[in-house]
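The values are calculated or read from the model by the stated rules, or taken from the named source; none is laboratory data. In this text, all values refer to a predicted model and were calculated from it rather than measured experimentally. Note that we place each Cβ from the backbone using ideal geometry, even for glycine, and neighbour counts take in every protein chain shown. Ligands, DNA and RNA are stripped out before the accessible areas are found, and what is left, the full protein with its side chains, is counted by its heavy atoms. Shrake-Rupley method; radii C 1.70, N 1.55, O 1.52, S 1.80 Å.
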Amino acid sequence: MENKNGKLFIITGPSGVGKGTILKKFFESNHNIIYSISETTRKPRPGEVHGVNYFFVEKEDFEKSIKNDEFLEWAKYSDNYYGTKKNFVLKALSQGADVLLEIETQGAKKIMEKFPDCITIFFTPPNLDELEKRLRGRKTEDEEAIQKRLHQVKQELTLAPLYKYSIENDKIEDALEKLQAVYNKEKDIQILKQDGK
């Protein structure tokens, strides 16, 4: 399932690492890459907008889409479903557009198997204490849910070496600069390949 046109970028990393904040700033200055909005069954957090951050759907609807094979990837994470619709991504890539997916590590693994040429970027926290502080600062989950997420984070951090790039999010500006450098580098590689050099 390799694509010969647009390039697929996968952004992942533990919950609370700051992926959303970095990507919001990244898209302010990069208008030639399409953000693929995932579907989820979790409830919106304060400030999140349906159709912008996620498509927030009911569990029954999500499970129906699974049965109909409508997802490129999907995963269950902290008792909620997350998934990427197939048609949107494949159509954009076939039209030569670059597409960026911000997904959970389970979903990223599935995409990496289907698209071995995809560009994979893993965001890490400076340390676990800082990540725990960020998760608690959200004030969106109870203690049990936070502990569940922290356990999941420890497992996810062991996956970082499987990704082409790893970016530590200590300061947002630095992480954003590194992400931009990765994007620019990969775009240059793609241009060189197309020119046959």
Inset, instruction - Restricting attention to the stretch 14-63, report how many residues are farther than 17 Å from I121 by Cα, open to solvent by 30 Å² or more (accessible area, probe 1.4 Å) and part of a strand (DSSP E or B). - result: 4
Legend entry - Residue under evaluation D69, criteria (1) acidic (D, E); (2) over 19 Å from A92 (Cα atoms); (3) in a loop (DSSP other than H, G, I, E, B), criterion not met: (2)
Inset, instruction - Answer with yes or no whether V89 is among the hydrophobic types (A, V, I, L, M, F, W, C), in contact with a Ser or Thr (Cβ under 6 Å, 6 or more places away or on another chain), within 26 Å of G47 (Cα to Cα) and part of a helix (DSSP H, G or I). - result: yes
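Just the residues that are modelled with pLDDT of 90 or more and closer than 18 Å to L23 by Cα, please, taken from the stretch 49-60. Even if it seems obvious, please write down each step before you answer.
First, pick out the residues of the stretch 49-60 that are modelled with pLDDT of 90 or more: 49-51, 54-60.
Those that are modelled with pLDDT of 90 or more and closer than 18 Å to L23 by Cα: V49, H50, G51, Y54, F55.
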Inset, instruction - Output the residue which, of all residues in the stretch 100-148 that are in contact with a Lys or Arg (Cβ under 6 Å, 6 or more places away or on another chain) and polar (S, T, N, Q), is farthest from S36 (Cα to Cα). - result: T140
